[in-house]
Amino acid sequence: MSLAPGPEGWMDQRRRWLLSIWLLGLFVFAADQGGTHVIRQDAQGYYFYLPAFAFGEWNAERWHFLGTVDRNPETGHLHTKYTYGTALLQAPFFAAAHVVAGLTGAERNGISMPYKLGIVFCGAFYLVLGCGLLYAFLRSRVGFGTAILVPTLLFAGTSLFYYSAFMPGYSHAISFALIAGWLGSSLKLLRKPGWRRFAGNGVLLGLIVAVRPTNALIVLWPLFWNVYSISAFGDRVAWGLKHLGGVLLAAGIVAALFVPQFVYWHYATGTWGFAAYPGEGFPYWSWPRIGPVLGHVRNGLLVYAPVLLFALYGIVHGLRRRDPYAPASLACFLAFTYLFASWWAWWFGGAFGHRAYIDILPVLALPLGHGLVSLREHSRWSARVTMTLVVLFTAYTFLLTYQYEPPWDGPDWDREAWWDKVKQIWGG
């Protein structure tokens, strides 16, 4: 009997090689783009917990950065307005950098070159982890090729590229990976609930919330999966009541993972509850700036990531076909868009593109994949037009990323200024 793999075995082996090369290529490319100025601005606020804990520098003046790490007037302690989750998930890279610093003779101060490289590798790692988890989620739903194409487009055709490679100290690549894992994990829980799965999903959701509390809205994903009627929504609620013990276990784990944050806030500010963003808030609840969030030159989502138009088409297409993913993707997209559009700085500062959407790009993965497959299979003409636009849209965002010199913000950043940058990427 021959022990050589058959045609299907060779195909599986080739796909595994292609998958490995793809993920390794993403990691090397993203890490290679990283510079040495990665612990600054918001990134410093996220990172502050690590050297503060490792070196006992909770009040060291060198970490004082106005607007990010400030000194509390009541206690005199430094406090960062950012939650600790990002630092927690950066911790293994910080520890490795600390060891490398000792072996190489670099200063073990939290900011020497090994620590900066640790942040660079951290961003690349969570990028690859997120893309790998998305591939695993998409593989059985859209096929091998599309399962690789979609994460690649989300990387190169959105702000994910900039915030995983050039600004890896921000929280976005980490949130992207966590939410990519939540897609499949939460659906497995729906299909086959059990105590371990409730606990695992509680840990995952707890980390998502610890990184960025507003991302708790991602619970809408399993809540609205395949929900097309009020009765179906009632069935989903009934499922939760039937498994109330597991739901409470998961909720308890989420709460427990946030306890360290309350302890830190009490130490830094003297109160258990802390207004992390004083003077900032959601003044547009009754008049959300949805149009600008999606289409304004000040970081409008579709202005800087037009490839996501195909994801929005995929949601509409999925709703018409009553695909299970469509109501879940729509609920998440609408809820997060309303949240972003209600924030006082709906453009989220001097960013490249609308960076807040990076975290929830995974919920647009299935719509993007199904949308592309639908248009490709509609007709030969449709396939050609679709792929041409996909290439153009992705190249536009990818090349525009290299043109970015922060901040693209303020009264001087208008359509004319944006168009000048667009002309530059095409040699104009």
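The values are calculated or read from the model by the stated rules, or taken from the named source; none is laboratory data. As the structure is a prediction and not an experimental result, all values here were calculated from the model. Cβ placement follows ideal geometry from the backbone for every residue including glycine, while neighbour counts extend to all protein chains displayed.
Remarks
- Only one of the numbered conditions (1) over 29 Å from SER112 (Cβ atoms); (2) modelled with pLDDT of 90 or more is violated by LEU3, and that is (2).
- For the criterion of being loosely packed, with under 13 Cβ neighbours inside 10 Å, within 27 Å of the chain's Cα centre (by Cα) and not basic (Lys, Arg), GLU377 fails.
- Some residue of the range 292-308 being exposed (fewer than 13 other Cβ atoms within 10 Å of the Cβ) and over 21 Å from the mean Cα position of the chain (by Cα): no
- Filter result for PHE48 (over 19 Å from the mean Cα position of the chain (by Cα), touching a residue at least 40 places away in the same chain (Cβ under 8 Å) and either more than 26 Å from GLY350 (Cβ to Cβ) or buried (at least 17 other Cβ atoms within 10 Å of the Cβ) (or both)): no
- Meets criteria (of a type in the set (D, E, K, R), surrounded by 13 or more Cβ atoms within 10 Å (Cβ to Cβ) and without any contact (Cβ under 8 Å) to a residue 60 or more places away in the chain) for ARG236: yes
- Number of residues in the range 70-97 that are in contact with a Leu (Cβ under 6 Å, 6 or more places away or on another chain), over 19 Å from TYR115 (Cα atoms) and among the aliphatic types (A, V, I, L, M): the value is 0.
One line per residue, one yes/no per condition, for (1) in contact with a helix residue (DSSP H, G or I) (Cβ under 6 Å, 6 or more places away or on another chain); (2) aliphatic (A, V, I, L, M):
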| site | (1), (2) |
| --- | --- |
| GLY157 | yes, no |
| PHE161 | yes, no |
| ALA210 | yes, yes |
| SER231 | no, no |
| ALA238 | no, yes |
| LYS242 | no, no |
| ILE253 | yes, yes |
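Per-residue answers, yes or no, for (1) more than 30 Å from THR397 (Cβ to Cβ); (2) hydroxyl-bearing (Ser, Thr, Tyr):
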residue	(1), (2)
THR80	yes, yes
PHE93	no, no
HIS98	yes, no
GLY102	yes, no
PHE155	no, no
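- Helices (runs of 4 or more DSSP H) wholly inside the range 205-300 that include at least 3 residues being more than 30 Å from GLU405 (Cβ to Cβ) and modelled with pLDDT under 95: 244-269
- Across the range 56-82, the number of residues qualifying as modelled with pLDDT of 80 or more, of a type in the set (Lys, Arg) and closer than 17 Å to ARG40 by Cβ comes to 1.
- Answer from LEU103, LEU127, LEU117, LEU89 - the residue that is at negative phi and either crowded, with 23+ Cβ neighbours inside 10 Å or in a strand (DSSP E or B) (or both): LEU127
- Residues in the range 44-82 that are assigned to a loop (DSSP other than H, G, I, E, B) and among the hydroxyl-bearing types (Ser, Thr, Tyr): THR68, THR75, TYR82.
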